[in-house]
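Coordinate-derived values only; no laboratory data. This structure is a prediction, so every number in the text was calculated from the model and none was measured. With ideal geometry, Cβ positions are generated from the backbone for all residues, glycine too; neighbour counts draw on all protein chains shown.
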Amino acid sequence: HRRRLSAQVGGPGRTADGHPVKLLVNLGAPAELPAAAAVDSEGVGLFRTEFLYLDREKAPTREEQTAAYREVFAAFAGRRVVVRTLDAGADKPLPFATASDEQNPALGVRGLRTARRDPQLLETQLAAIAAAAHGSDADVWVMAPMVSVPGEAAAFAEQVKAHGLRTAGAMVEVPAAALRAGDLARRCDFLSIGTNDLAQYAFAADRTLSSLAELLDPWQPALLELVRTAAEAGAAQGRPVGVCGEAAADPLLALVLVGLGVTSLSAAPGCLGDVRASLASHGLDDCRRLAGLALAAPDAAAAREAVREAAA
Ligand code: PEP
Ligand code: MG
């Protein structure tokens, strides 16, 4: 009995019947690193690199970036680190990387699109990641934010591999990318769903407006439908499909995401324990049944309620 209990509170994520679900942490600022590394996880599922670029007049040098990435890779030696390349623009404006004349910055040159205007920014960042990965014991994966079409995933993966980095992925944050996730997955090694932006773009609701929180609720069945579409398409191509948006932090919603076919969950370090415990007390069939209930609900509140009742 004691062994069963300890299996539930630690170690790799798995459902009650042993279906593995990688549990990873989101990492944003250097100050978070010690606590994030100390948490029982299989690594970092979303390393937001924007902190390196904030409050500056120009981009950090390759050497500066390499030193910062090295620290993270060292702290996660033996584990996976998914580095998300610079996501400038919209809610993360940077003076040297964001156009000031856009009327709709969330729909403008942001995320991977920044590299169209300034290819050197991405090139330098990839060189820095590659230099830091070289000789490190972390399993370094690299992914691009705001990928909309398969061609972007292909070009990004090619560029990542030209730097000697082995694993390249695309974030699914735009409904078009979710709808055509199979085409994206064929061109790279993994997909990672960013539910914050995916909700924003699916519901045409600015993610920074608390007055629209109801539309941005990650329990929205339409959002879950996009997650299912992406997860199934990724699985058909033999690619892992994770969730790294805030949705992954909700222990009840985590069951639904796994039921929809998601293979990893990345959340704030403090949330992982509850997510792990939730998974450990439900089998995969259970998760699939709960996912069906959520998808069949007319709205977010009904989805949450239906799953809460059925999971109890
Ligand atoms: C997301 O959009 O869900 C995501 C994980 O990226 P960010 O919140 O940094 O935009
Ligand atoms: Mg995002």
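Quick notes on this structure:
- Rounded to the nearest 20, the Cβ-based charge dipole of the range 161-312 about its Cα centre (Lys and Arg +1, Asp and Glu -1) stands at 680 debye.
- Cα centre as origin, Lys/Arg/Asp/Glu Cβ charges: the range 160-209 dipole, Debye: 260
- Per-residue packing, averaged as other Cβ atoms within 10 Å, sorts the ranges 93-104, 132-143 into the order 132-143, 93-104, beginning with the highest.
- Values of log10 I(q)/I(0), in the order q = 0.19, 0.24, 0.25 Å⁻¹, for the range 14-88 under a Debye, Cα-only, solvent-free model: -0.79, -1.13, -1.20
- With the largest listed first and rounded to whole Å, the semi-axes of the equivalent ellipsoid of the range 190-312 from the Cα gyration tensor are 20, 17, 15.
- Compactness of the chain as Cα Rg over 2.2 N^0.38 Å, two decimals: 0.96
- When DSSP beta bridges are restricted to pairs lying wholly in the chain, around 5% turn out antiparallel.
- Pairwise centroid distance, computed over Cα atoms, of the range 88-111 with the range 225-299, Å: 31
- The aspartates and glutamates within cross-link reach of LYS161, meaning a Cα-to-Cα straight distance under 18 Å and a gap of 8 or more places when in the same chain, are GLU123, ASP139, GLU152, ASP189.
- Across the range 142-223 the C-alpha pair distances fall into 5 Å bins from zero in the proportions 3, 18, 25, 18, 14, 10, 7, 4, 1, 0 percent.
- Measuring r between the beta carbons of GLU214 and GLU57 and using R0 = 51 Å, the FRET efficiency lands at 0.85.
- Here r is the Cβ-Cβ distance between ALA277 and ALA176 and R0 is 45 Å; the resulting FRET efficiency, rounded to 0.05, is 0.80.
- For LYS58, the lysines whose Cα comes closer than 18 Å to its Cα, not counting residues fewer than 8 places off in the same chain, are LYS92.
- Stokes-Einstein D in µm²/s, Kirkwood radius over Cα pairs - the range 189-239 at 20 °C with 1.002 mPa s viscosity: 185
- Additional length obtainable on full extension of the chain from ALA204 to GLU232, 0.36 nm per residue less Cα span: 7.7 nm
- Relative exposure of PHE47, PHE156, judged by other C-beta atoms within 10 Å (fewest first): PHE156, PHE47
- Of the trypsin sites (Lys or Arg not before Pro) found in the range 50-99, the ones in coil according to DSSP and having at most 16 other Cβ atoms within 10 Å of their Cβ are ARG56, LYS58.
- Gain on full extension, evaluated as 0.36 nm per residue between ALA127 and GLU158 minus their Cα-Cα distance, stands at 9.8 nm.
- In this rough spin-label picture, where each label sits 7 Å from Cα along the Cβ direction, the ASP285-ASP101 distance is 6.2 nm.
- Helix axis angle, 150-162 relative to the chain longest principal axis, alpha carbon, degrees: 60
- Ordered by the count of other Cβ atoms within 10 Å of each Cβ, fewest first, LYS161, LYS22 give LYS161, LYS22.
- Note on the range 1-146: antiparallel DSSP beta bridges, both residues inside, total approximately 15 percent of the bridges counted.
- Beta bridges assigned by DSSP with both partners in the range 22-108 are antiparallel in approximately 10 percent of cases.
- Restriction of the GluC sites (Glu not before Pro) in the range 1-93 to DSSP coil positions whose beta-carbon has at most 13 other beta-carbons within 10 angstrom yields GLU57.
- TYR53, TYR69 arranged by Cβ crowding within 10 Å, fewest neighbours leading: TYR53, TYR69
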